[in-house]
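Q: Quick one: the structure is below, and I'll ask about it shortly.
The values are calculated or read from the model by the stated rules, or taken from the named source; none is laboratory data. Just so you know, these numbers come straight off a predicted model, no measurement behind them. Ideal geometry is used to build each Cβ from the backbone, glycine not excepted, and the neighbour counts take in all protein chains shown. Note: areas computed on protein heavy atoms with side chains; ligands, DNA, RNA excluded. Shrake-Rupley method; radii C 1.70, N 1.55, O 1.52, S 1.80 Å.
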Amino acid sequence: MPDPALSAALAEAYASAPTDVVILHTLEFRHSAFAEPIRVVSDHVALTATLEASAPLNPSMAVEFLPYAFDVQLPDATSGRMPELLITIDNIDQVIEENIEAAAGSAEKIEVTYRPYLSTDLSAPHMDPPLTLTVTHIEATTYQVRARAGFRNLAGIGFPNQDYTAERFPGLVR
């Protein structure tokens, strides 16, 4: 079954693997402790590409993704646990390591967004909406970042998720 989030051009590139079109996989890590988002592309050169209009930071703007080798290991469907991706980024620099350490002391979760681009069209990601996950565990060494990321735990969110108070809803008072 085709994925409706993928653009027709990306679906065609996956299906036919043309030699003149390269699929560029990108990741964006966001946290309030970061000076700026960590944006990486799985390539050997930096990439300047335009984000989607609904991006949480810099919507519809051209941003730079730094070249890093990274790998995403898909979840084990037979584990019986919530599916999690294992993301590994090799040969990180000190700035990334310092940002990860700054976020580690916070209760706030790091978010990661995956966006695929085509080398022939960098005007927007070719997945709408892009895949956004929450990092559940992350560790950085001098050479590598390893992160586990999964979907938000919707079962742990209270419903309704807002308090109905007399101050906010005066009609509740008799």
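Q: So which of Pro18, Pro67 ends up being without any contact (Cβ under 8 Å) to a residue 40 or more places away in the chain, closer than 25 Å to Thr88 by Cα and not hydroxyl-bearing (Ser, Thr, Tyr)? Working first, answer last.
A: Details: Pro18 fails: closer than 25 Å to Thr88 by Cα.
Only one candidate qualifies: Pro67.
Q: Still on this structure, please answer the following. Contact list please: Cβ distance under 7 Å, first residue in segment 26-46 and farther than 16 Å from Val145 by Cβ, second residue open to solvent by 30 Å² or more (accessible area, probe 1.4 Å), pairs at least six apart or on different chains.
A: Hits for this filter: Ser32/Glu108; Asp43/Pro67; His44/Pro67; Val45/Pro67; Ala46/Glu64; Ala46/Leu66; Ala46/Pro67.
Q: Within segment 27-37, can one find any residue that is touching a helix residue (DSSP H, G or I) at 6+ places or on another chain (Cβ under 9 Å) and either farther than 21 Å from Ala103 by Cα or of a type in the set (Ser, Thr, Tyr) (or both)?
A: yes
Q: Counting just the residues of segment 61-84 that are open to solvent by 60 Å² or more (accessible area, probe 1.4 Å) and not in a loop (DSSP other than H, G, I, E, B), which one comes out modelled with the lowest pLDDT?
A: Restricting to residues being open to solvent by 60 Å² or more (accessible area, probe 1.4 Å) and not in a loop (DSSP other than H, G, I, E, B), the top hit is Gln73.
Q: With the structure loaded, tell me whether Ile100 is farther than 21 Å from Gly150 by Cα, aliphatic (A, V, I, L, M) and either out of contact with any helix residue (DSSP H, G or I) (no Cβ under 8 Å at 6 or more places or on another chain) or open to solvent by 20 Å² or more (accessible area, probe 1.4 Å) (or both) or whether it fails that test.
A: Details: farther than 21 Å from Gly150 by Cα: no; aliphatic (A, V, I, L, M): yes; either out of contact with any helix residue (DSSP H, G or I) (no Cβ under 8 Å at 6 or more places or on another chain) or open to solvent by 20 Å² or more (accessible area, probe 1.4 Å) (or both): yes.
Considered against the rule, which asks whether it is farther than 21 Å from Gly150 by Cα, aliphatic (A, V, I, L, M) and either out of contact with any helix residue (DSSP H, G or I) (no Cβ under 8 Å at 6 or more places or on another chain) or open to solvent by 20 Å² or more (accessible area, probe 1.4 Å) (or both), Ile100 comes out as no.
Q: I'd like the full set of residues that are buried (at least 18 other Cβ atoms within 10 Å of the Cβ) and closer than 13 Å to Leu24 by Cα, limited to segment 112-123. Break it down stepwise before answering.
A: Of segment 112-123, the ones buried (at least 18 other Cβ atoms within 10 Å of the Cβ) are 112-118.
Tyr114, Arg115, Pro116, Tyr117, Leu118 - these are the residues of segment 112-123 that are buried (at least 18 other Cβ atoms within 10 Å of the Cβ) and closer than 13 Å to Leu24 by Cα.
Q: Separate question: Residues of segment 16-43 being loosely packed, with under 14 Cβ neighbours inside 10 Å and assigned to a loop (DSSP other than H, G, I, E, B), which ones? Don't jump to the end; show me each part of the working.
A: Keep residues of segment 16-43 that are loosely packed, with under 14 Cβ neighbours inside 10 Å, which gives 16-20, 22, 32, 35-36.
Ala17, Pro18, Thr19, Asp20, Val22, Ser32, Ala35, Glu36, listed by residue number.
Q: Kindly indicate the residue of segment 49-60 that is hydroxyl-bearing (Ser, Thr, Tyr) and assigned to a loop (DSSP other than H, G, I, E, B) and also surrounded by the most Cβ atoms within 10 Å (Cβ to Cβ) among those meeting that condition. I'd like the intermediate steps shown before the answer.
A: Of all residues in segment 49-60, those hydroxyl-bearing (Ser, Thr, Tyr) come to 50, 54, 60.
Within this subset, residues satisfying the condition of being assigned to a loop (DSSP other than H, G, I, E, B) are 54, 60.
Working: Ser54: 10, Ser60: 12.
Filtering segment 49-60 for residues that are hydroxyl-bearing (Ser, Thr, Tyr) and assigned to a loop (DSSP other than H, G, I, E, B), the one surrounded by the most Cβ atoms within 10 Å (Cβ to Cβ) comes out as Ser60.
Q: So which of Ala5, Ala46, Ala11 ends up being touching a strand residue (DSSP E or B) at 6+ places or on another chain (Cβ under 9 Å), surrounded by 12 or more Cβ atoms within 10 Å (Cβ to Cβ) and modelled with pLDDT under 90? Outline the logic, then answer.
A: Details: Ala46 fails: modelled with pLDDT under 90; Ala11 fails: touching a strand residue (DSSP E or B) at 6+ places or on another chain (Cβ under 9 Å).
Sole residue among the options that is touching a strand residue (DSSP E or B) at 6+ places or on another chain (Cβ under 9 Å), surrounded by 12 or more Cβ atoms within 10 Å (Cβ to Cβ) and modelled with pLDDT under 90: Ala5.
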